[in-house]
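Notes to accompany the following structure.
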């Protein structure tokens, strides 16, 4: 009896969900549809939801301001779970729907790159806010990104460390994923070119908790500076363990560490770390301030770098669609390439000389438990 | 009635099913739907190979994605660097994967129960770390890109439809070869070991050898599936072969039911379809996925088609008619009326 009850009610429930999920959307003729592929569940759910919040916010604002040529923007959001296989399926789904004319996403480089051939074949723009793999934009002529690549960030940091700060003995500790490997490589190449000595390059596996072996080795080498391409949870753990070992040195990291969480988890141990950020919440530039205000008004919390990058991606998309005559897949790419000096929350973006934006980075540091602009 | 017609009639359901599968691309015009069907094919092979261990021998392997990954990397490497053609690369991938299966099976099959299970889990974790860290060979977390599209004896496989027919061929071959294998002494020996290893050994079944053979075979099939995946998605990175993948395979097997050849295919189809159908629910769709599994465990613990033998009998090959039955899986509680 119980079994039958469970069975019946669950089937009813599933059927109901099916109806809900299959409900057709508004009249297609008056809308422009854009796909968003993001990891709303799984390990990167937090970042995927940042994407969703920012992009929804930009599209809502554009719709309130009258839409594009009187047409409303409609966002089709699908969850990729951060799985490359799923992002390929999403790409097929977007491409099979003739109403969708461009795509924003995905979060991780592997998801973006697995899906890239599908978008390229359909001649549909794939605008990723965060894919930082150097080869992503080489996968085709429709691949764009908003984040600066490690090919730019790494050398920028190397010049800062070696030329400006005069550090000559450098050790690196990096996370062994697609992003960390590139981040380490481009920093090391430039630093060596500038005459610094790279004492050691230590990789750690994502999810590692105990860094004492790596730290003991590095402490013995007595570096002037440690370069730390990692995310905040790992970086905070590394620096806390270093502090316990009484190992003190200058620490520099890419923009990935800019987050309130770094301070929350790192406490005293993260004081004074040097970061070159894509985006900084008290950035005085007006576009960044406008974004901060809008985001806090809409969601009541401070945005992070990923939200800012997604905000710019959505902004770029809206700007490209506003170019007169952009009404089909093939026309979005030239429109994006034609945007000159788009003023985003993460700096000025233009795709005229390639699909990797060249943005100025902001030097920031942590002082008295707060992120502040770095000045000597 | 001539025997020829009688065999034809007996095989009618299979023939009808195969015919439907053959004309499916004509019915499904949407490329996305075809892609979903192709993924069902890949997972059907994987779950069938896992079923060989979990369902037929009663070894609980929870690291099956390792062999899937070995197959994918081996095939990509063989084709891109050794310059082999696709059929050779695919068979090579299967053989290399089978080789690893042997290396893992040889020392670990002396273990039993939970210890063997842990060894398979450990193997998967180690493989993931090796793929992740061996920069020079596997390109580490950056993965291998631009894997060439397959071509089989002049048949260039570029479109979804071509891939569909290739995976259909592979699934049919897997089902057919497994069916033949399980019908002969080998299959009966596996069942005997699963039901009672001591009794089987007393009857002259060399348990350790059969278990190793089953392990090697399962690894071979998984390697073939991995090879197809690599040339289909054209980009592989270690993320795709993490233990999560093994658990998904286990869930499919548990849902479909183990110990026969139909259950795994049905399980794979359902667990690929459910998240796809509910994709527009965004973050809530995984709740549906989870509840399908929970409901299954509440209502039908042995899986949808578990605990029974379904005939995939091809009368042409099986002249003798015999009733086969399998006692319930010994790991599952007896069904209460």
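With every atom except the alpha carbons ignored, what do you get for Rg and Dmax of chain A, in angstroms?
22.3, 78
Run the simple label-point estimate for residue A:372 and residue A:360 please: 7 Å along Cα→C-beta, distance reported in nm.
2.1 nm
Summarise the partner chain shielding of B:24-35 as one whole number: the mean count of Cβ atoms from other chains within 10 Å of each residue's Cβ.
Working: counts 0, 0, 0, 0, 0, 1, 4, 7, 10, 3, 2, 8.
Average per residue, whole number: 3.
Between residue A:61 and residue A:123, 0.36 nm times their residue separation minus their Cα-Cα distance comes to what? It would help to have the intermediate numbers written out before the result.
On the way: separation 62, 0.36 × 62 = 22.32 nm, distance 2.77 nm.
Roughly 19.6 nm would be gained on extension.
Return the distance in nm (one decimal) between the two label points of a simple spin-label model at residue B:19 and residue A:339, each offset 7 Å from Cα along Cα→Cβ.
Output for this residue pair reads 5.5 nm.
Starting from the Cα of residue B:149, step 7 Å toward the Cβ, then list every residue of the stretch A:115-133 with an amide N under 19 Å from that point.
Within reach of a label on residue B:149, which here means backbone N under 19 Å from a point 7 Å along Cα→Cβ, the stretch A:115-133 contributes A:115-124.
What is the antiparallel percent of DSSP beta bridges lying wholly in the protein assembly as shown, to the nearest 5? Kindly include the intermediate steps, with their values, before the conclusion.
On the way: 15 of 50 bridges.
Bridges in the protein assembly as shown are about 30 percent antiparallel.
With label points built 7 Å along Cα→Cβ from the Cα atoms of residue A:217 and residue B:126, find their separation and express it in nm.
Taking the two extended label points, one gets 2.1 nm.
In peptide A:83-89, how many Cβ atoms from other protein chains are near each Cβ within 10 Å, on average? Let's see the in-between values first.
Details: counts 6, 7, 9, 4, 0, 6, 8.
Partner-chain Cβ atoms within 10 Å, mean over residues of A:83-89: 6.
How far is the Cα center of the stretch A:54-128 from the Cα center of the stretch B:104-143, in Å?
36 Å
How high is the FRET efficiency between residue B:208 and residue A:330 when r is their beta carbon distance and R₀ equals 45 Å, given to the nearest 0.05? If you can, show how the numbers build up before the last one.
Numbers: r = 62 Å, r/R0 = 1.39.
Rounded to the nearest 0.05, the efficiency is 0.10.
Please quote Rg/Rh for the stretch B:154-198 to two decimal places, taking the Kirkwood radius as Rh and restricting both calculations to Cα atoms.
Working: Rg = 16.8 Å, Rh = 12.7 Å.
The Rg/Rh ratio comes out at 1.32.
Report the relative contact order of the stretch A:151-277, percent, no decimals, based on alpha-carbon pairs under 8 angstrom and at least 6 residues apart. Display every interim value, and only then the final one.
Numbers: 222 pairs, mean separation 33.4, N = 127.
Computed value for the stretch A:151-277: 26 percent relative contact order.
In 10 Å bins starting at zero, report the fraction of Cα pairs in the stretch B:97-226 per bin as a rounded %.
The calculated distribution, bin by bin, is 10, 28, 31, 21, 9, 1.
I'd like the mean, over residues of A:171-179, of how many other protein chain beta carbons sit within 10 Å of each residue's own Cβ. Please list the in-between numbers first.
Working: counts 0, 0, 0, 0, 1, 7, 7, 8, 2.
Average per residue, whole number: 3.
Hey, in the GNM for chain A with a 10 angstrom Cα cutoff, which one of A:297, A:61, A:15 fluctuates hardest?
Evaluated over chain A, the most mobile residue of the options is A:15.
Let's test this: bin the Cα-Cα distances of chain B at 20 Å from zero up to the farthest pair and state each bin's percent.
It works out to 30, 60, 11, 0, in whole percents.
Using only helices, what value at 222 nm comes out for the protein assembly as shown when you add -39,500 (n - 2.57) per DSSP H run of length 4 or more and divide by the total residues, to the nearest 500 deg cm²/dmol? Before the final figure, lay out the partial values.
Numbers: 26 runs with 386 residues, N = 713.
So the helix-based figure for the protein assembly as shown works out to -17500 deg cm²/dmol.
Do you know the relative contact order of the stretch B:7-141, to the nearest whole percent, from alpha carbon pairs under 8 angstrom that are 6+ apart? Please report the intermediate quantities before stating the final value.
Values: 85 pairs, mean separation 29.0, N = 135.
Rounded, it is 21 percent for the stretch B:7-141.
So what is the relative contact order for the stretch B:28-240, in percent, with contacts set as C-alpha pairs under 8 Å and at least six apart?
On the way: 305 pairs, mean separation 89.8, N = 213.
Answer for the stretch B:28-240 is 42 percent.
The numbers here are math on the coordinates, done by the rules we state, and not lab data. This structure is a prediction, so every number in the text was calculated from the model and none was measured. For neighbour counting, all protein chains shown are included, and Cβ atoms are generated from backbone atoms with ideal geometry for every residue, glycine included.
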